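To start, the structure under review is shown below, and the notes come after it.
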Amino acid sequence: MEWLGPEEWAAVGLSLKVAFWAMIVALLPGVLVAYALARWQFSGKQVVNVLVHLPLVLPPVATGYLLLVTFGTQGPIGGMLQQLGIVIAFRWTGAALAAAVMAFPLLVRSIRLSIEAIDPKLEQAAATLGASRVRVFLTVTLPLMLPGILAGMVLAFAKAMGEFGATITFVSNIPGQTRTLPSAIYAFLQVPGGENAAMRLVVVSIVVAAGALILSEVIARRIAKRVGQA
Amino acid sequence: MSISVQIKQDFESFNLDVAFEVPAGLTVLFGSSGSGKTSVINAVAGLSKPKQSRIVVNGEVLGDTTSGVWVPPHKRGLGYVFQEERLFPHLNVRKNLLYGNGLARERREVVSFDQVVDILGIGALLQRRPAELSGGEKQRVAIGRALLARPKLILADEPLAALDEPRKAEILPYFEQLRDEFSLPILYVTHSIAEVARLATTVVAMQGGKIARVGAATEVLSDPSFTPMGVRAVGAVLEATVAQHHDDGLTELSANGVPLMLPQLPHAVGHKVRVRVAAQDVILSTEGPKGLSALNIIEGTVQSVRAGEGPGAIVSVDTKAGRVLARITRRSAAALGLSEGVSCYAVVKSVSVAPQDIGTR
């Protein structure tokens, strides 16, 4: 396609990469935290719950700043990573981390709801039939969670695609490195005559977001049919 | 083979304190809701862990809080049929049936997959999902799934309660078959006297968390002082054999030589059945009645008369066919001079015995 310049293409490609990895990185912890919040009773459960949801209600810039303080090369974790030769501040990996943190509450909420919708009596039935706890989880709980996991992944992806505040604070707006789609739109709007490029990227955003929603709808329907909830 | 259960646990609404030991066969835990039946069966299943308990099945200690033994549910070798069928919605019928089958390879198979499908008549349903089944079909699949888990003990918690009458009539015979053909011990929870009468080898009657009666079904149900579900539900159980099918749609039974006429039964001649005769369907007469439409007139002797708080009394009559209970008014009992040792006739209309009151044994 001729109508996007190389710089714009770079932003689109980077955003897709960042959103994909943010979704993947958040997935396993998301399932674990959602399961713990839905099914386990432990002290400090409310604290975990608040921490998980904090990025949803905090100003994104604040989240980004906290990430910078923690994961920046001067930060406690960032410093340790640097000694191992890993730097994520001002890199695309940092953008992915920021997007993952911001998307995490949405992912957890969606998965948690799907777990809470599963009747524990089904899991009891599986246990009486001889299934160990791990087997019960893998053969009953997990398959019944799938629609929620999928919906959560799509939400997380869409959120990661659109993340701006935390990203620009944590990893700045470096073309080709951390200039994601929203950052690029913002950058184009800062220069005279950038409106057309910005509008083209807005169109791309709409296409990607709508595509993700339609895809999730199709897969969710197919899974719902498979797990007998249709 | 025996099941031995001791449980003590305080709940918010009641205190459970039971201890019983029952032989092989089908044991019915019987009582109204809130009597603690489900707490007992769930403790046997290992789904709940009472504070103080000892559960031994077939000599194997499944749980003993004194010595700290607690076998988790998945290692107990059970087949649990729940009130709601609890089929896995994401698996088709075949996969539901086979769910527990592969998990217990060390145990002997009770029945083969083909046998289960055949007995329960679910061959046409194998590819369907639970959402596409009727209530009765779901419960049949649930029974099959429990059987195929190679159980040492079948647990059933009010498996018919969620079904309508025709579906109950459809499922009940399968439990009779389990009891008679597979010689599997079964612990069966219900609040229905009809199910007790048809199924129970042994009855463990519970009331308010305590055990009210333990004994053979015929004994417990023929006890006139035992009215856990109110006097309207009282009725003795007679054991009989199918003697002859008559052309006019009646089946003649022989209860220890005494003929009983009932509406046609599906069982072959020689088949052993148990018949529950509701006490309020029995009329007593001190003289041999004549010109009466009722076909069953059984001679016997009054064993006891128990007056209730209201106008009624329950008279137990020992006959050659077995004990019969009759619920009559105190006025009639006085007018007829019924008291211990008086001979009388128990009159039972054939049509008053409903099909669901007749089971095999």
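If you filter the range A:141-194 down to residues that are under 15 Å from residue A:16 (Cβ atoms) and either within 14 Å of another protein chain (Cβ to nearest Cβ) or of a type in the set (D, E, K, R) (or both), you find that the one that is surrounded by the fewest Cβ atoms within 10 Å (Cβ to Cβ) is A:159.
Residue pairs whose Cβ atoms lie under 9 Å apart, separated by 6 or more positions or on different chains, with the first residue in the range A:15-36 and more than 18 Å from residue A:147 (Cβ to Cβ) and the second basic (Lys, Arg) and assigned to a helix (DSSP H, G or I), are A:19/A:159; A:22/A:159; A:33/A:112; A:36/A:45.
Scan the range B:316-349 for residues that are without any contact (Cβ under 8 Å) to a residue 40 or more places away in the chain, more than 23 Å from residue B:293 (Cβ to Cβ) and within 24 Å of the chain's Cα centre (by Cα) and the total you get is 1. Exactly one of (1) touching a residue at least 12 places away in the same chain (Cβ under 8 Å); (2) more than 26 Å from residue B:234 (Cα to Cα) is unmet by residue B:61. Its number? Only one criterion in (1) touching a residue at least 12 places away in the same chain (Cβ under 8 Å); (2) more than 26 Å from residue B:234 (Cα to Cα) is unmet by residue B:61, namely (1).
Looking across the range B:267-307 at every residue that is within 17 Å of residue B:337 (Cα to Cα) and touching a helix residue (DSSP H, G or I) at 6+ places or on another chain (Cβ under 6 Å), the one that is surrounded by the most Cβ atoms within 10 Å (Cβ to Cβ) is identified as B:305. One residue is enough: does the range B:65-72 have a residue meeting the conditions in the same structural domain as residue B:174 (by TED's automatic domain parsing), within 14 Å of residue B:5 (Cβ to Cβ) and surrounded by 17 or more Cβ atoms within 10 Å (Cβ to Cβ)? Checking the range B:65-72: at least one residue is in the same structural domain as residue B:174 (by TED's automatic domain parsing), within 14 Å of residue B:5 (Cβ to Cβ) and surrounded by 17 or more Cβ atoms within 10 Å (Cβ to Cβ). Residues that are under 25 Å from residue B:84 (Cβ atoms) and over 11 Å from the mean Cα position of the chain (by Cα) number at least 2 in the following helices (runs of 4 or more DSSP H) confined to the range B:150-257: B:165-181.
Applying the condition of being outside any helix (DSSP H, G or I) and aliphatic (A, V, I, L, M) to the range A:125-138 and asking which residue is farthest from the other protein chains (Cβ to nearest Cβ) yields A:131. Where residues in the range A:104-124 are of a type in the set (A, V, I, L, M, F, W, C) and part of a helix (DSSP H, G or I), which of them is farthest from residue A:163 (Cα to Cα)? Result: A:122.
Against the definition (part of a loop (DSSP other than H, G, I, E, B) and in contact with a strand residue (DSSP E or B) (Cβ under 8 Å, 6 or more places away or on another chain)), how does residue B:341 come out, yes or no? The answer is yes for residue B:341.
The values are calculated or read from the model by the stated rules, or taken from the named source; none is laboratory data. What you see is a predicted model, and the numbers here were worked out from it, not measured in a lab. Ideal geometry is used to build each Cβ from the backbone, glycine not excepted, and the neighbour counts take in all protein chains shown.
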